[in-house]
Number of protein chains: 2
Amino acid sequence: MKPNTAFALRGNLVDSASPTQLRCREDHFLVCEDGRVAGVFPRLPDRYAHLPVEDWSGRLIIPGLTDLHTHAPQYAFRGLGMDLELLDWLEARTFPEEAGYADLDYARRAYGLFVQELQAGAATRACVFATVHRESTLLLMELLEKSGLVTRVGKVNMDRNCPDSLREPSAQTSLAATRRWLEACAGFRNTRPILTPRFIPSCSDELLAGLAAVQRETGLPVQSHLSENPSEVEWVRQLCPDAAGYGEAYLRRGLLGGENCPTVMAHCVYSDAAERRLLKEQGVWVAHCPQSNTNLSSGAAPVRAFLEEGVRVGLGSDVAGGHTLSILRAIADAVQVSKLRWRLVEGGARPLTLPEAFWLATAGGGAFFGQVGRFEPGWAFDAVVLEDSAYPHPQPLSSLERLERLCYLCSDDRRAVVRKFVEGRPAAGSAPRNP
Amino acid sequence: MKPNTAFALRGNLVDSASPTQLRCREDHFLVCEDGRVAGVFPRLPDRYAHLPVEDWSGRLIIPGLTDLHTHAPQYAFRGLGMDLELLDWLEARTFPEEAGYADLDYARRAYGLFVQELQAGAATRACVFATVHRESTLLLMELLEKSGLVTRVGKVNMDRNCPDSLREPSAQTSLAATRRWLEACAGFRNTRPILTPRFIPSCSDELLAGLAAVQRETGLPVQSHLSENPSEVEWVRQLCPDAAGYGEAYLRRGLLGGENCPTVMAHCVYSDAAERRLLKEQGVWVAHCPQSNTNLSSGAAPVRAFLEEGVRVGLGSDVAGGHTLSILRAIADAVQVSKLRWRLVEGGARPLTLPEAFWLATAGGGAFFGQVGRFEPGWAFDAVVLEDSAYPHPQPLSSLERLERLCYLCSDDRRAVVRKFVEGRPAAGSAPRNP
């Protein structure tokens, strides 16, 4: 897919001026060259006068969002079984469903729906868990490759503490399957692999050591779960008596970031000061998943502390702990959960603002993929055109007000996204504006 | 509007078997006679064989929902200014917007949008705050009357602690305007008045005493706000040194329920054991508004305690503290907020389940309007047909699973509601199924 070498979009460009400030450049031109932002202009400069322009005047155009943590095989049961807590929910809902992805026909149908919604939404980037199954993971990657999105996808590893139907027989078979999977997916361009030990409770030390070796050898990134739920944190404490905490347990096993190991850890709800220091030192991205943390009664992550202490953070939908893939909604959810944390937790820090949560959804998580999530020269041309006419209003609204409203009112991106570009390529399914 | 005397709906009927249990009667017939449920049958009995049947086979049919607390003039700025706390938000957003309803042209436009969405949604009943303005309140009531919904609407009273543009010059003028308004709205059938002192901080003792007199004279119901936010609770403590608490302050002023004074109090986030006892003794309905309590950083109400102690409770959207009118979403929000409360508050009670929250949204709040919110013989024929095909799934789902999913996935009722009846009358805008 050769990127459309150069063109421009016209509209109301909204992105982050800083981690705490939004900016809107009304009726501006956003120029794309070779998949990158060439510049933002109030009038199209002469040197670009020949470019094709898609005119979205009056519409909001925002950077593509990043979903830093989601589970493709859980999409099928989003919004179901929500009266359960994490470990019960894994047993009752997640593991039985994931076992179904041994069946390629079922996987094709279910992953097809997942990719369809991801493609139609406001995210241009995502880090995705598949299941332990090599073949259906490859099938998911094929579907994602066709979608035009840029993603990291992981075949899950787990060799203990899960049902027989999902447990890989040994660390060695799990590692061998991982290597075969890595060979098979070498041809994808936009859909790249990421090492994916599910979490410490379901991975033996031998398996984690083996994955750390693969990581060192390949330089591949890593994704997993960290400090999501009190029972889980306690379980890890028992499983890893060598470590002072959950984060340190990953560190000692060679799977907690560092210069050559870009890593996403989902949740970090119970990351105390020591663990946060580790996350910062190791340059780990926290995938904050407010909707999931609420649905699974996990708690409310210390996002203000992450921001103040310089820990990297982005947002994740964590479907199906989260019930929707919408990262627009995750922006509002992040603000909401931070408010309840502030009110209900002794010494709770001041809530996130909408501009801060928007930053997390764009440049915060986007950084995992490089220069992604702002309209700055040289940054990836990931852009989403939003339509908000489904939400009428009697009074005039500024572009920033319209954006805030959309984050709150639109829980289903498909109602709002009318056009999407990833690295300058139109996302499959979105159409240019009729002249 | 004469109700369609008798007919039947066919579909998957889901309602509450009890406050903790849902039931689904798959492919059943729900018979309506004179606006009431005549019965639920697996096959249409001979005596009803002649009735017209609307066939919604395969669709979910649920009782109409009740929105026990919402502000029509705040609909215009739903989802805006959400980075503010209650008292700041009133100053910055609410009062300036409400002042605009002195202008009937603006009110017609803005209330038109509000009524349009309420009408298209899953609620069949609502308790609605207007503004202090008599004329635009009547206009709102006219629009609601045409909608076919059954509502209680209040012209707001306030004579202190608010901007000049909204303050009624004195208790006497406020009371006189209220009486004139009551005379003018005597002709409505489905849209009835409710006395609406905004809350104690904005009503002088003289005004509250006058409203209590009007209440005794007319037997009209009352709606107001109670114990929403710590600063507000403290403010009332200072304003009412005669009372041990906020609830008692209303009681002493003759406006906290009792046998001849059906009353809705919104929020009750900070109602302690003593206040909850009062609420129970006085038979007051609590309008639990989880989305608003989150957005305005108010906190999380002790709903489990209300239920265990026998306090009447329903759900409210509280637009625009809440950002959406969807009571389907309020069901999921109520569960979510109760989970964070359980996790974050010392000694927090176990979370609400989806069946419990569904009960609140139907029979719980519906009881304010009589026998409303269940498919039981003799109860009001309020019924909503839901379409969930916008949310595809690869596996078979039961009707109860489909309902849970819709509560989580559908934040905009307009995507789900395809048909609605209020007391047996088709709601304006919904269409019978094509044969």
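The values are calculated or read from the model by the stated rules, or taken from the named source; none is laboratory data. This one's a predicted model, so the numbers in the text were calculated from it and none came from an experiment. Neighbour counts are summed over all protein chains in view; Cβ atoms, including those assigned to glycine, are modelled from backbone coordinates with ideal geometry.
Looking at region A:412-428, which of its residues are acidic (Asp, Glu) and facing chain B (nearest Cβ under 10 Å)? Give the derivation first.
At the first step, the residues of region A:412-428 found to be acidic (Asp, Glu) are A:412-413, A:423.
Residue satisfying the conditions is A:412 alone.
Of all residues being surrounded by 20 or more Cβ atoms within 10 Å (Cβ to Cβ) and facing chain A (nearest Cβ under 7 Å) in region B:397-411, which is modelled with the lowest pLDDT? Just the residue, please.
B:411
Filter region A:330-348 down to the residues that are over 23 Å from residue B:346 (Cα atoms) and within 8 Å of chain B (Cβ to nearest Cβ) and list them by number.
Hit for region A:330-348 is A:332, nothing else.
Taking the criterion of being part of a loop (DSSP other than H, G, I, E, B), crowded, with 18+ Cβ neighbours inside 10 Å, of a type in the set (D, E, K, R) and at pLDDT 95 or above, would at least one residue in region B:71-79 satisfy it?
yes
Only one residue in B:367, B:431 is in contact with a Gly (Cβ under 9 Å, 6 or more places away or on another chain) and more than 13 Å from every other protein chain (Cβ to nearest Cβ), so which one is that?
B:367
Considering only region A:148-186, how many residues are more than 23 Å from residue A:225 (Cβ to Cβ) and at pLDDT below 95?
2
Could you list, in sequence order, all residues of region B:320-360 that are in contact with a Ser or Thr (Cβ under 7 Å, 6 or more places away or on another chain) and either of a type in the set (Asp, Glu) or under 30 Å from residue B:35 (Cα atoms) (or both)?
Those that are in contact with a Ser or Thr (Cβ under 7 Å, 6 or more places away or on another chain) and either of a type in the set (Asp, Glu) or under 30 Å from residue B:35 (Cα atoms) (or both): B:324, B:325, B:326, B:327, B:329, B:330, B:355, B:356, B:358, B:359.
Can you confirm whether residue B:321 is surrounded by 24 or more Cβ atoms within 10 Å (Cβ to Cβ), more than 8 Å from chain A (Cβ to nearest Cβ) and farther than 19 Å from residue B:124 by Cα?
In short, yes.
Yes or no: residue B:312 within 14 Å of another protein chain (Cβ to nearest Cβ) and out of contact with any helix residue (DSSP H, G or I) (no Cβ under 6 Å at 6 or more places or on another chain)?
Details: within 14 Å of another protein chain (Cβ to nearest Cβ): no; out of contact with any helix residue (DSSP H, G or I) (no Cβ under 6 Å at 6 or more places or on another chain): yes.
So residue B:312 fails the test.
Of the residues B:236, B:335, only one is under 20 Å from the mean Cα position of the chain (by Cα) and either of a type in the set (Val, Ile, Thr) or on the phi > 0 side of the Ramachandran plot (or both); which?
Of the residues listed, the single one that is under 20 Å from the mean Cα position of the chain (by Cα) and either of a type in the set (Val, Ile, Thr) or on the phi > 0 side of the Ramachandran plot (or both) is B:335.
Residue B:110 is checked against (1) of a type in the set (A, V, I, L, M); (2) out of contact with any Pro (no Cβ under 7 Å at 6 or more places or on another chain); (3) touching a residue at least 12 places away in the same chain (Cβ under 8 Å) and fails just one. What number does that condition carry?
Every listed condition holds for residue B:110 apart from (2).
Identify all residues within region B:386-407 that are of a type in the set (Gly, Ala, Ser) and closer than 20 Å to residue A:84 by Cα; write none if there are none. Explain how you work it out, then say what you get.
Here is the first cut: in region B:386-407, the residues of a type in the set (Gly, Ala, Ser) are B:389-390, B:398-399.
If the condition is that a residue be of a type in the set (Gly, Ala, Ser) and closer than 20 Å to residue A:84 by Cα, then B:398, B:399 are the ones that fit.
Go over the candidates B:113, B:84, B:118 one by one and state the one that is within 22 Å of residue B:330 (Cα to Cα), of a type in the set (A, V, I, L, M), within 13 Å of chain A (Cβ to nearest Cβ) and part of a helix (DSSP H, G or I).
B:113
Across region B:282-304, which residue is nearest to the chain's Cα centre (by Cα) among those that are more than 11 Å from chain A (Cβ to nearest Cβ) and surrounded by fewer than 24 Cβ atoms within 10 Å (Cβ to Cβ)?
Restricting to residues being more than 11 Å from chain A (Cβ to nearest Cβ) and surrounded by fewer than 24 Cβ atoms within 10 Å (Cβ to Cβ), the top hit is B:283.
Give the residues of region A:1-36 that are surrounded by fewer than 20 Cβ atoms within 10 Å (Cβ to Cβ), in contact with a Cys (Cβ under 9 Å, 6 or more places away or on another chain) and modelled with pLDDT of 95 or more, sorted by residue number.
A:6 - this is the single residue of region A:1-36 that is surrounded by fewer than 20 Cβ atoms within 10 Å (Cβ to Cβ), in contact with a Cys (Cβ under 9 Å, 6 or more places away or on another chain) and modelled with pLDDT of 95 or more.
Considering only residues that are among the aliphatic types (A, V, I, L, M) and either out of contact with any Leu (no Cβ under 8 Å at 6 or more places or on another chain) or more than 10 Å from every other protein chain (Cβ to nearest Cβ) (or both), which ones fall in region B:70-81?
B:72
Only residues that are touching a Leu at 6+ places or on another chain (Cβ under 6 Å), under 24 Å from residue A:406 (Cβ atoms) and among the aliphatic types (A, V, I, L, M): list them for region A:119-165, please.
A:122, A:123
Return only the number of the condition from (1) more than 18 Å from residue B:28 (Cα to Cα); (2) over 21 Å from the mean Cα position of the chain (by Cα) that residue B:369 does not satisfy.
(2)
Is it true that residue B:44 is assigned to a loop (DSSP other than H, G, I, E, B) and at negative phi?
So residue B:44 passes the test.
In the set A:351, A:355, A:392, which member is over 22 Å from residue A:119 (Cβ atoms), within 14 Å of chain B (Cβ to nearest Cβ) and without any contact (Cβ under 8 Å) to a residue 12 or more places away in the chain?
Values: A:351 fails: without any contact (Cβ under 8 Å) to a residue 12 or more places away in the chain; A:355 fails: without any contact (Cβ under 8 Å) to a residue 12 or more places away in the chain.
Going through A:351, A:355, A:392 in turn, just one is over 22 Å from residue A:119 (Cβ atoms), within 14 Å of chain B (Cβ to nearest Cβ) and without any contact (Cβ under 8 Å) to a residue 12 or more places away in the chain: A:392.
Scan region B:121-157 residue by residue and report those that are part of a loop (DSSP other than H, G, I, E, B), surrounded by 24 or more Cβ atoms within 10 Å (Cβ to Cβ) and not polar (S, T, N, Q). Show your work before the answer.
As a first pass, look at region B:121-157 and keep what is part of a loop (DSSP other than H, G, I, E, B): B:121-122, B:130-133, B:148-149, B:155.
Next, only the ones that are surrounded by 24 or more Cβ atoms within 10 Å (Cβ to Cβ) stay: B:121-122, B:130-133, B:149, B:155.
Within region B:121-157, B:121, B:122, B:130, B:132, B:133, B:149, B:155 meet the criteria.
Go through region B:98-110 and give me each residue that's assigned to a helix (DSSP H, G or I), surrounded by fewer than 23 Cβ atoms within 10 Å (Cβ to Cβ) and not aromatic (Phe, Trp, Tyr).
B:99, B:100, B:102, B:104, B:105, B:108, B:109
Given the condition more than 14 Å from chain A (Cβ to nearest Cβ), in contact (Cβ under 8 Å) with a residue 24 or more places away in the chain and in a helix (DSSP H, G or I), answer yes or no: does some residue in region B:21-40 qualify?
No - not one qualifying residue is present in region B:21-40.
Tell me, which helices (runs of 4 or more DSSP H) wholly within region A:279-396 include 1 or more residues that are at pLDDT below 95, among the basic types (Lys, Arg) and in contact with a strand residue (DSSP E or B) (Cβ under 8 Å, 6 or more places away or on another chain)? Before you say what the answer is, go through the steps one by one.
Details: elements: A:290-295, A:303-309, A:327-344, A:354-359.
Fully inside region A:279-396 and qualifying: nothing.
Quick test of your reading of the structure: residue B:95 fulfils all but one of (1) farther than 30 Å from residue B:201 by Cα; (2) at pLDDT below 95; (3) of a type in the set (Phe, Trp, Tyr). Name the failing condition by number.
Result: residue B:95 passes all but (1).
When you scan region A:241-269, how many residues do you find that are of a type outside the set (A, V, I, L, M) and surrounded by fewer than 20 Cβ atoms within 10 Å (Cβ to Cβ)?
Final tally of qualifying residues: 8.
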